[in-house]
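Enquirer: Starting off with a structure, shown below.
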């Protein structure tokens, strides 16, 4: 049975690989991004029938815009079965005394507020479907920050806790929520991090029935 998968940050290298893989598996896609030109290009490349695809330009920092997107996905496909949150971004390289409040605000907006808005909007719909998967990609440094990355690791730690909270809240509804941790996304396969192919393979496992009991986990791919 084909399911409906929401992918944020769909036009990045990992988002594109995720979209193409799950499209090839026969699932419906709802792609949320903030770059219209790149999103239009991805839609053209996917070449999916209209009834299997919804592509929207959304500012995930805007709570009402996220709620409107959730309603649009639900109205089109009926149920929402998965949320794969891939919006990234990094600010760092400075010790805490030199880190600006703007840097911290930017990281909180990017990682915490987007996640919070998505979970508030989509978790009731995932629960209503009676089967669901939530996946976020995070950093290997969250548990042990290396220094000069305080704003980033603080935001990612908060994001991870939102994922773990959702796992606990939705476990009775057949919904799992997990975190894939990487050092870096190695788009060019230079051996400096984890390739999109490896990350998406882990997503496919988490999406499977065999992973139904895997929830609230930090999965290290580094």
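Enquirer: Using only Cα atoms, find the angle between the long axis of helix 196-207 and the longest principal axis of the chain, and express it within 0 to 90 degrees, rounded to the nearest 10.
Expert: 60 degrees
Enquirer: Hey, another quick one. Gap in Å between the Cα centre of region 103-164 and the Cα centre of region 29-64?
Expert: Comparing the Cα centres of region 29-64 and region 103-164, I get a distance of 21 Å.
Enquirer: Show me the three semi-axes of the equivalent ellipsoid for the chain, from the C-alpha gyration tensor (sqrt of 5 times each eigenvalue), largest first, rounded to whole Å.
Expert: 26, 19, 18
Enquirer: Report the relative contact order of region 4-220, percent, no decimals, based on alpha-carbon pairs under 8 angstrom and at least 6 residues apart. Intermediate values should be presented prior to the final figure.
Expert: Values: 371 pairs, mean separation 41.5, N = 217.
It comes to 19 percent, rounded to a whole number.
Enquirer: Given a cut-off of under 8 Å on Cα pairs at least six residues apart, what relative contact order in percent is computed for region 112-222?
Expert: Working: 155 pairs, mean separation 33.1, N = 111.
Relative contact order here is 30 percent.
Enquirer: Okay, next question. Please give the peptides 27-37, 144-154, 184-194 ranked by average Cβ packing (other Cβ atoms within 10 Å per residue), highest first, as a rough proxy for protection.
Expert: On the way: 27-37: 19.9, 144-154: 17.1, 184-194: 13.7.
Per-residue mean Cβ counts within 10 Å order the peptides as 27-37, 144-154, 184-194.
Enquirer: Additional query: At q = 0.12, 0.14, 0.22, 0.25 Å⁻¹, what log₁₀ I(q)/I(0) does a Debye calculation on the Cα points of region 130-222 give, no solvent, two decimals?
Expert: Taken in order of the listed q values, log10 I(q)/I(0) reads -0.39, -0.53, -1.08, -1.23.
Enquirer: If I take every Cα pair under 8 Å that is 6 or more residues apart in region 146-200, average their sequence separation and divide by the length, what percent do I get for the relative contact order?
Expert: About 19 percent, as a whole number.
Each reported figure results from applying straightforward, stated rules to the coordinates on display, with no laboratory input. Predicted model, so just to flag it, every value in this text is computed and none were measured. We place every Cβ from the backbone using ideal geometry, glycine too, and count neighbours over all the protein chains shown.
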